[in-house]
Amino acid sequence: MAAAAVLMRGASPDWTRQAETTGTTIMAVEFDGGVVIGADSRTTTGSYIANRVTDKLTQIHEHIFCCRSGSAADTQAIAEAVTYQLGFHSIELDDRPLVHTAANLFKEACYRYREDLTAGILVAGWDKRKGGQVYSVPMGGMMVRQPFSIGGSGSSYIYGFVDASYKPGMTKEECLTFTANALSLAMDRDGSSGGVIRLAAITKDGVERKVILGNELPRFSSH
């Protein structure tokens, strides 16, 4: 009744005046020979789900991806700017760019516009110098390399799980399972995470992508 009264008065619901956010869960894991990245697919506008199947795994270059969390508009703008800069850098080098270079470009943009942007980025990929790498660029513009990293609103629910489950030297398949399990747990608890799980494995041979649909997600409880 209250909602009907609001509409009858000509006012629009709260969610129509709020920015779209990728309130989300993102994750990246290094393994010997590459990296695995993953994310949920829910985009929200306040409490309204604006998109159930968003692709938050954004390709920056042939073997470099980023996972986006925060404001959808801000993270898309930064990703497009870095893709443009990295493309020119690759042409100048006449070679594939380094993952560290891509992460540094994200760091510079996030730090320079830290007062205006809401963007948390994971940069992951493979290059011939250092192999698979994962860099975390949280809000504010810090950059740190980690063997695995998580981000987004759902990440707060799974720190204990990932700390207990991560083992150095995991294979690609183990990393895919680890990432899928962690994302599924976060999606089960976080109202801003949901939809499907998108995964990608990046190696010197290219990118292998996979989607786990909602009815195929790993389950850890009977609720």
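Okay, here's what the table says:
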read-out	value
Residue check, SER156 of a type in the set (Gly, Ala, Ser) and more than 20 Å from SER41 (Cα to Cα)	no
Unique residue being in a helix (DSSP H, G or I) and β-branched (Val, Ile, Thr) when the list is VAL211, VAL162, VAL207	VAL162
Residue within segment 125-136 that is out of contact with any Leu (no Cβ under 8 Å at 6 or more places or on another chain) and over 21 Å from ALA200 (Cβ atoms) present	no
Complete set of residues in segment 23-69 that are over 15 Å from SER136 (Cβ atoms), in a strand (DSSP E or B) and among the polar types (S, T, N, Q)	THR43, THR44, THR45, ASN51, THR58, GLN59
Members of segment 79-120 found to be under 20 Å from ASP55 (Cα atoms), among the hydrophobic types (A, V, I, L, M, F, W, C) and at pLDDT 95 or above, listed by number	ALA79, ALA81, VAL82, ALA102, ALA103, PHE106
Residue ID - surrounded by the most Cβ atoms within 10 Å (Cβ to Cβ), chosen from residues in segment 163-182 that are in contact (Cβ under 8 Å) with a residue 60 or more places away in the chain and in contact with a helix residue (DSSP H, G or I) (Cβ under 8 Å, 6 or more places away or on another chain)	ALA182
Residue, most open to solvent (accessible area, probe 1.4 Å), within segment 56-94, restricted to residues that are touching a Lys or Arg at 6+ places or on another chain (Cβ under 9 Å) and over 17 Å from GLY120 (Cβ atoms)	GLU62
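The values are calculated or read from the model by the stated rules, or taken from the named source; none is laboratory data. None of these values were measured; they are calculated from a predicted model. Cβ atoms come from the backbone with ideal geometry, glycine included; neighbour counts cover every protein chain shown. Just so you know, the surface numbers come from the protein's heavy atoms only, side chains and all, with ligands and any DNA or RNA stripped out. Shrake-Rupley method; radii C 1.70, N 1.55, O 1.52, S 1.80 Å.
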